[in-house]
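Below is one structure, written out as structure tokens; the observations come after it.
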Amino acid sequence: MKLKKINFKWVLPLFSILVVITSCDSFLEEEPTSQFTADLIFNTPDGLEAGVVALYSFQRAFWENSANNGSNAIVIDSRDDLTIPRGGEISNYGRMRNGTTPENSGVFSSYWRTYYRIIDRANAIIQAAENIQGMNEERRSQVIAEAKFFRANSVFTLFKLFNNIYITTEPTTPENVSDIILDKTPEADIYALINDDLSFAIANLEWTTNQTGRITQGTARHVKADVALWQENWAEAKLQSEAVISSGNYALAASPRLVFAGEVNSSEILWALQFKAQINGSANRINFNLMPNYAELIPGSKYSIEQGGRGFGWLTLNNYLRDLLNADPDDERIKSTYYIQDYLYNDAATLPANQTLGTKIVHPNWREFGTTNQNRNFWFIRLNAGCKKYFPDNGIPTENNQFKNIPMYRLAETYLFAAEANLMLGNDVAAIENLNRVRVRSKAAPITSITMQSIIDEQARELAFEGRRWYMLKRTGNLYNYVRDHAGYGWAGDLSPENSTAGGANNTPSRPLPYRSDARNSIRPHMINWPIPLAEMNLLGPNYPQNDGY
Amino acid sequence: MDNALAIPTTNVAEMIRGQAAGVQITLGSARPGGASDILIRGRNSIRGGNAPLIVLDGFPIEDINDINPDDISSIEVLKDASSQAIYGARASNGVILVTTKKGKEGKVRVSLNSFTTVQQLTRNFELNSADEFIALRREAVRTTNPVVNGIQAYSPDEVNFNGATEFPAFLAGNFVDWEDEVLRSGLINSHTLSVSGGNENTKIFTSVNYFDQKGLIPTSGFKRGSFRVNLNQKINDRASIEANLNVSTAAQERETNNLDFITISPFTGPFDVEGNLVRDLAGANASSSSINPLWNIRESENDIKTDLYNLNLVANYKFTKSFSYKLNTLVSRKFTDEGQYISRIHSQGVTPSGRANVSNTLREEYLIENIFNYSPEINDNNKLDVLFVQSINQRNSSRTSTEATGFGNDILGYDGISSALDFITQRNEEQYRISSFLGRVQYTLMDKYLVNLTGRRDGASVFAENNKWGFFPAVAVAWQLHKETMFNNVESLNELKLRMSYGSVGNQSLDPFTTLGVVDNFPYIFGGAIVAGNLPGGVLPNPNLTWETSTTTNIALDYGLFNNRLRGTVEYYNTNTTDLLTDISLGGNSGFSSTITNGGETRNSGVELLMTGDIIRNNAFKWSLTGIFTRNRNEIVRTGIVDVDGLPNDDLGRNRFAGQPINVRRSFIFDGIFQTDEEALASPQGTLGGTVTPFQNATTLFAGAIKLKDINNDGVINDDDNVVTALDPKWFASLASNFQYKGFELLADFYIVEGAMRYNPYLADFNQGGTLTSVRNGIKRDYWTPENPSNTAPRPDFGGAPANISALGLTDASYIRLRTLSLSYNVSRPVLEKLKMNAARLYVIGSNLFTITDYKSYSPENNAGDFPDTRSLTLGLNITL
């Protein structure tokens, strides 16, 4: 029985070894090899700094969302008084077929969730950074200051949009996640948190950074000026905006042509989201939504960088904004800088014999005051004025998706803040001076007297399609009236249906036929607050207050 | 499962379809080399897959399709907790045991099986013809026209058919059948050569297979070569070893993605006047982004190469006659090399200037099992069998992938990646470990009563630090009733066996590192340079997760009557899955979209019937019928979300409702078409005056718009009027008829699915022509027009999709299908002797020959835009020397 012995020799030791190995608990212990743990991020200085970087990435992700043809980020522009929501997904919100009840406001969730996510992670970073041992004080305060800026900016945004918001400074944990939210946070507490956070950021951030794209003291002061305007604290708004203007670190670009040029990191930019084509960040379809389709079926015309590339004209300039921009014939902003209203023949290869390169395309049928609905519709699709702020000057003009850095805040708005604060404080001279800085660099004639209307109009010209207009109208109490009077296309105050002459329209420049102006009829005074989307209400407490009117 | 192997595919799951009660197969991908989903006794798990454990010759394998179908000798399905217990920690979704052919003592046999299959498209709907499409377009454009003096005029055709290419094609009558332009016939060739034989000490089976399939869509295909050796070597009376080796190498070619080709406007064609492919179907500067599918097919490549090595080594040793030891070891390695390239002129390749993705994935698995068995011979009336198993299992996977953009030329495709400009590389590593102990005692009394007790203790690495271990007991009893004296005189009763079992198994449907709270990468750009950013992503980590437990009660009766001419099984089961690992929606205010808890619970119960009847059974002539019926009822007991009072709540964000099945769709219900503007405006969808905001804008309420059902009859359509509809079939069944006459055998296999619902994009989505905008072609439908007051489909509108069109998408997807009709001829003995063969068989198989269903698609299990399912005809020859 020699064999038997041999077999026993290898069977039994092997068995006992295996039992020992497997009963040892370390066999089941996990060690992630290609990912970091949250522990590392929140308990080391390097980790906390990486956490702050991710906050920028979260903010940028809002613009990278490709849902609804990439239009979610500009839905706020479709809801103001300056745009024609001609088609595409965005027109459902622009024409207020959506976004009027909690049930039909799914896209608003992307606003709700983006900013709450930033708030929660900022909470976690702030709490961890305040408690971490052995972190260099300078690094610690930089981390906390940036996180507090993000928190303040996000709370402020949510408050302006949704009004009834619940805010906590405690990060979400497995222990507290099942706590049910029963009520909103009082407005005073919200403003207190925003102002505290911004004050901390201002006190601890430098004016300049060698890492272009980081927020700075100037960014924080600009937002604090905005908050002060909302609180009608004119002195604070003046203080903060003038601090930015006079800091010496910023200057308006010499021409509107330069504001959105290149990397959009000029001296005018207070904060821009950063992309690097093909390497980091996704391309977006903002330009595709905003630019008309001026080369479709028009021989002699092709998509070009100069004219803003290719789009589908889903959200374009309305006649109200165009008239504001054309009020001064020298105003450069609509002359193919921010916006474009004259498209030129530019394709020698397909140019018809009777046309000349470089002259304005005037289509025989497709005209603003064309005789048929179809012909007018084609004019809106192809030849109406478009916004080219989001077209990159190194882009491929025939493509739908484009990479470009996106400015969040810029100095032109700071000047308008200062103008408003000065006006409210009775400093008309300073207000005029502030406002004229913005006008003059666009070659528009300086104004000599100023009212609130001057500021509201200048803000439309300068900042349309930058997600700023809706907030300003709401803040100044004008949102309902302006949307009712101007949303979509048509003459001011015409509430009649599309293409109808019932309201006195007669298809002339002074009395244009209404087009995509449904929002004028749909808006109600309570809609100055967005409804909290139903999906979010379902996850809040049973008596959590929806905004009034919904 | 004798009929199981009659289908020409590498998709082994499809071979099981309809062959076992309680096993639901759903088409996953009809692409060459594609797979189907296997679901045993319904969905227990919500977040994890519900795929069963596949055990090949006693060892787990990852993918059932890695087996060469010709090597399979039998397939068995284990469904109840007691029989699953031995396969343990990964067995809670059921076990499919696949056994390959083994060598037998005796003469060496050489066998060849070759077949050729031709595949063709099958569909049960008609697209609009040229005239119908023209009519649809005219109506759709007309809808956008103003009503003047009560008349809404048609537009001239040069307005109806716009675009640089459409109008000329319309004038010339150039109507393109996109299906013909894009698709081709599929072709499969498969050859297997096997050699087997053995003597008292050594038995061997070896086979080699070559499989080659060309898919319906150009450039799609699948090739595989596989090799298997099964060796059994006796060392002496006490010891023996077995080795199974499977080596295969496969190459799959995939077509480019997003090919919604059949609904492209038929007045645009793939070629220009010179016969060259065009890229933009609607013209170069068109706003419509219709890309020529043939263009993108030509400008892309996507190859997946897979190498698989699977080695089992088994050692058996008998200490005494009744005490034995077995060592099972498994080493398996699967290496996948994937390359994708889209050229600089592919529609998605222009911006990045060509894009390549290459990745390498290595998947490894190790298993060691120590098995001790003690089965003393007590006496004839008392039998005892005791088993102890200790095992460890480890699965690792690592993947490196690189995406590169910015190519100077397209010549080398993805192999030219080194010359690209920009690179993003990712690396992922995962590891699963399981440690298990199992004890089982089996006791048989008088060959009539059988008791089986098992207990197993499993530890899994994916669970939280202090929650890694679970204990799962099971008990089974069986009673051979026909051996009782009271049935002694019942001649017609051949078998009557009652089986009952109760027990639990664990499931660990978690990804590695989930409980640790790992963070995701969110890099960013500062000053033009990339900076690392890391934070928790959308899922809030839960550090307390542990096993989910499925507890099953199973009662079965096996019967055989009239000389076993009628035989079968009746089975009832009820499975409760508690501590269900569930991802639950979190309010946006938390900053997270979801977290995972053990808070869910599901229940599955059902009835399974199997019956085979030999209607005619004599020497020359045999006819038998087999029916298999499965009914499963699936229910979520708890979604994991609770309200303020701690009571179970629905998880609306995830479409999970307590008391409803897991697989549901929540939607409004279609209730016809409004016939007048007044009816639409006054309906519950319209304005009611006062402060109530109407469900939809007044401008979308007109004659020809979609009417929704006011479910709660409160006069208002709102969120409460949504209805939850179960999608999984209420029952499914198969019926097989087997007819044998001398050497001929005729098999017909019907598959029946009843009560299934499905969302059909061809009826509701823009890209599939479902919105009736007429921008794209679509299924022919009876749509509303002022002259045709239809009540089934809304008024076409060139300007956009009708409001609420998605309510039309949900349709019945029940069907009856003749899955297999095969005729084979076995050459008779005298002829074989002349040919010096052992056996020879010729066969013809028709697959999916016809389908009766209301679901309009390529197949009731095919999604629109998926690789289309096919009908096929196979000719094969099988000879054994």
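Taken together, the values in this text are just the output of simple stated rules run on the coordinates, not laboratory data. Computed from a prediction, not measured in an experiment: that's the story for all the values here. Don't worry about glycine lacking a Cβ; one is built from the backbone with ideal geometry, like all the others, and counts go over all protein chains shown.
If you average 1/r across every pair of different Cα atoms in region A:144-253 and take the reciprocal, what Kirkwood value do you get, in Å?
15.1
Can you pull a Stokes-Einstein diffusion coefficient for region B:599-661 at 4 °C (1.567 mPa s), Rh from Kirkwood over Cα pairs, as a whole number of µm²/s?
The calculation lands on 86 µm²/s.
Say R0 is 45 Å: what FRET efficiency, to the nearest 0.05, do A:LYS360 and B:ASN521 get from their beta-carbon distance?
0.35
Place a label point 7 angstrom from the Cα of B:PHE471 along the Cα-to-Cβ direction, then list the residues of region B:380-414 whose backbone nitrogen is under 19 Å away.
The answer is B:387-391.
As an exercise, take the mean of 1/r over every pair of distinct alpha carbons in region B:768-824, invert it, and state the Kirkwood radius in angstroms.
In region B:768-824 this quantity evaluates to 13.7 Å.
To the nearest 20 debye, what charge dipole does the protein assembly as shown have about its Cα centre, counting +1 at the Cβ of each Lys and Arg and -1 at the Cβ of each Asp and Glu?
Rounded to the nearest 20 debye, it is 3960 debye.
If the viscosity is 0.692 mPa s and the temperature 37 °C, what translational diffusion coefficient in µm²/s does Stokes-Einstein give for region B:456-601 when Rh comes from Kirkwood over Cα pairs?
The diffusion coefficient I find is 167 µm²/s.
Which value results for Rg/Rh of region A:447-545 when Rg is the Cα radius of gyration and Rh the Kirkwood radius based on the inverse mean 1/r?
1.09
As an exercise, find the ratio Rg/Rh for chain B from alpha-carbon atoms, using the Kirkwood inverse-distance average for Rh.
0.99
Dipole of region A:131-195, Cα-centred, from +1 at each Lys and Arg C-beta and -1 at each Asp and Glu C-beta, to the nearest 20 debye?
240
Do any trypsin sites (Lys or Arg not before Pro) in region B:202-305 lie in a loop, going by DSSP, with at most 11 other beta-carbon atoms within 10 Å of their beta carbon, and if so which?
Loop-located and lightly packed - none at all.
Reachable lysines from A:LYS443, Cα under 28 Å, same-chain residues fewer than 8 places away excluded?
A:LYS238, A:LYS335, A:LYS360, A:LYS388, A:LYS389, A:LYS404
Looking at region B:97-169, what % of the alpha carbon pairs are farther apart than 18 Å?
The calculated P(r) of region B:97-169 puts 69 percent of pairs beyond 18 Å.
Treat region A:360-456 as a sphere of radius equal to its Kirkwood radius over Cα pairs and apply Stokes-Einstein at 10 °C in a medium of 1.306 mPa s; give the translational diffusion coefficient in µm²/s, rounded to a whole number.
It diffuses with D of about 93 µm²/s by this estimate.
Could you please state, rounded to a whole Å, how far the C-alpha centre of region A:515-534 is from the C-alpha centre of region B:607-665?
Using only Cα atoms to place each centre, the spacing works out to 46 Å.
Sum up the charges of everything whose Cβ sits under 11 Å from the Cβ of B:TYR783, counting Lys and Arg as +1 and Asp and Glu as -1, but leave B:TYR783 out.
-1
List, largest first, the extents of the alpha carbons of region A:114-153 along their principal axes, each in whole Å.
Here the Cα extents, ordered largest to smallest, are 32, 14, 10 Å.
Can you tell me the 0 to 90 degree angle between the C-alpha axis of helix B:130-143 and the longest principal axis of chain B, rounded to 10?
That works out to roughly 60 degrees.
How high is the FRET efficiency between B:ILE555 and B:LEU735 when r is their beta carbon distance and R₀ equals 30 Å, given to the nearest 0.05?
0.75
With Cβ to Cβ distances under 15 Å as the rule, what net charge do the other residues near A:THR168 carry (K, R +1; D, E -1)?
-3
Starting from the alpha-carbon convex hull of region A:286-445, give the projected area averaged over all orientations, in nm².
That works out to 11.0 nm².
What FRET efficiency, computed as 1/(1 + (r/R0)^6) with R0 = 45 Å and r the Cβ-Cβ distance, is obtained for B:PHE125 and B:ILE345, rounded to the nearest 0.05?
Plugging the Cβ-Cβ distance into 1/(1 + (r/R0)^6) gives 0.85.
Neighbouring Cβ atoms within 10 Å as the yardstick, rank B:TRP731, A:TRP271 fewest first.
Ascending Cβ contact count within 10 Å gives the list B:TRP731, A:TRP271.
What list of whole percents do you get for P(r) of region B:535-676, with Cα-Cα distances grouped in 10 Å bins up to the one holding the largest distance?
Reading upward from the zero bin: 10, 25, 22, 16, 14, 9, 4, 0.
Out of region B:75-143, which GluC sites (Glu not before Pro) are coil in DSSP terms and have no more than 11 other C-beta atoms within 10 Å?
Filter output for region B:75-143: B:GLU105, B:GLU126.
Once label points are set 7 Å from the Cα along Cα→Cβ at both A:GLU206 and A:ARG139, what is their separation, rounded to one decimal in nm?
1.6
Hey, fewest Cβ within 10 Å first, where do B:VAL519, B:VAL505 land in order?
With the sparsest Cβ surroundings first, the list reads B:VAL519, B:VAL505.
What is the Cα convex hull volume of region B:89-222 when expressed per residue in Å³?
Hull volume normalised by residue count: 250 Å³.
If I require 24 Å or longer along the helix axis, counting alpha carbons, and a Kyte-Doolittle average no lower than 0.0, what helices from chain A are left? Use full DSSP H segments.
Qualifying helices: A:2-23, A:45-64, A:187-204.
Taking one equal scatterer on every alpha-carbon of chain A, how large is log10 of I(q)/I(0) by Debye at q = 0.05, 0.06, 0.10 1/Å?
Treating every Cα as an identical point scatterer, log10 I(q)/I(0) equals -0.25, -0.34, -0.85.
Within 10 Å of each candidate Cβ there may be at most 16 other Cβ atoms; applying that plus a DSSP loop requirement, which chymotrypsin sites (Phe, Trp or Tyr not before Pro) in region B:534-572 survive?
Sparse-neighbourhood loop chymotrypsin sites (Phe, Trp or Tyr not before Pro): B:PHE562.
Considering every residue in A:525-536, what mean count of other chain Cβ atoms within 10 Å of its Cβ is obtained?
The mean count of partner-chain Cβ atoms within 10 Å per residue comes to 2.
For region B:215-238 and region A:220-287, what is the separation of their C-alpha centers, rounded to whole Å?
What the calculation gives is 64 Å, centre to centre.
Mind sorting A:MET452, B:MET15 by how few other Cβ atoms lie within 10 Å of their own Cβ, fewest first?
A:MET452, B:MET15
All other residues with a Cβ under 9 Å from the Cβ of B:TRP731 taken together, and with Lys, Arg as +1 and Asp, Glu as -1, what is their net charge?
Result for the neighbourhood of B:TRP731: +1.
Cα-based Rg (one decimal) and Dmax (whole number) for the protein assembly as shown, in Å?
Values for the protein assembly as shown (Cα only, Rg and Dmax): 35.8, 118 Å.
Report the Cα centroid-to-centroid distance between region B:29-94 and region B:331-352 in angstrom, as an integer.
The two parts, judged by their Cα centres, are 30 Å apart.
If you take the charge dipole of region B:416-483 about its Cα centre, with +1 on Lys and Arg Cβ and -1 on Asp and Glu Cβ, which of B:GLY470, B:LEU445, B:ILE434 is farthest toward its positive end?
B:LEU445
Suppose a student asked you for the relative contact order of chain B, using Cα pairs under 8 Å spaced at least 6 residues apart; what percent would you report?
Relative contact order comes out at 11 percent.
Average projected area of the Cα convex hull of region B:581-740, in nm²?
16.8
In Å, the Kirkwood hydrodynamic radius of region A:383-537 over pairs of distinct alpha carbons?
Taking the inverse mean of 1/r over all distinct Cα pairs, region A:383-537 comes out at 18.3 Å.
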